[in-house]
Amino acid sequence: MLVKGGATVLFSEVTEVRDGVNLLAERCVSKEVCDKLASEMKWYDDYLADGGVDRDANPTPGNKKGGLANIVEKAMGSIAKSGTSPIVEVLSPAEKPTKKGLIFAATPASDIVCGPSQVASGIGLQVFMTGRGTPYGLEVAPVIKVSSRNELKEHWFDLIDISAGDVATGEKTISEVGCEIFNFILDVASGIKKPYSDIYDFHNDMCIFNPAPIT
């Protein structure tokens, strides 16, 4: 809906797409975009190898407690969340977009690094999806938190802005929740509403990159 409306939309985290990157390559609009995607994957592979770590160190303990077995499963979910729009551009960390549409921003797979990297690329608002919950936020850009479980919204009613759990329970369709998120994005971007991260000042430090290996 955002892409069709003419927006520039970034999605991120190299590790969380790496094991299904062929699915993203098929959506690239040109060989140039596909080659940039491959180049960013290789850079991150080399970065992790130089640090002596493997990307299977991600998922986190919380992810595993929530039911994810390995990084391949996590990658499938992350790619699904990117939707179905063509990928018009691939960005290195902090690189500015030059096109409108869906863009892959090759950031590390860490909330507190990914977010600031996206800010450096020029985002004005972020939608953060979570199954376990986190008080993460950005001072310079509103962060809308969307939970995948109603239990999380009920537990952290003043942290989660929208629950998509009604899709899982059958009470709402994906389209209905999508419209709810879309309208909330417009209201926050227009200054009509504030997400909880801004109401309660849940703001992390602006950590652009960490020299230690981030899986």
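Computed from the coordinates by the stated procedures, all read-outs in this text should not be read as laboratory data. The model shown is predicted, which means the values in this text are computed figures rather than measured ones. Neighbour counts run over all protein chains shown; Cβ positions are idealised from the backbone, glycine included.
Structure summary
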| quantity | calculated |
| --- | --- |
| Under 28 Å from K65, Cα to Cα: lysines that are on another chain or at least 8 residues apart | K74, K81, K145, K153, K172 |
| Dipole magnitude (debye, nearest 20) for region 76-215, charges at Cβ of Lys, Arg, Asp, Glu | 380 debye |
| Helical segments meeting 20 Å axial Cα length and Kyte-Doolittle -0.5 threshold in the chain (DSSP H) | 174-189 |
| Cysteines not pairable in the chain (beta carbon separation under 4.7 Å absent) | C114, C179, C207 |
| Sequence-distant aspartates and glutamates (8 or more away, or on other chains) whose Cα lies within less than 15 Å of K100 | E89 |
| Cα convex hull volume per residue for the chain (Å³) | 121 Å³ |
| Inter-site label distance for D46 and N210 at 7 Å from Cα along Cβ, in nm | 2.3 nm |
| FRET efficiency, F182 to V140 (Cβ-Cβ, R0 35 Å, nearest 0.05) | 0.95 |
| Choice from A49, A105, A141 showing the highest fluctuation, given a GNM over the chain with Cα pairs closer than 10 Å | A49 |
| Separation in nanometres of the label points that stand 7 Å from Cα toward Cβ, at E26 and M76 | 1.4 nm |
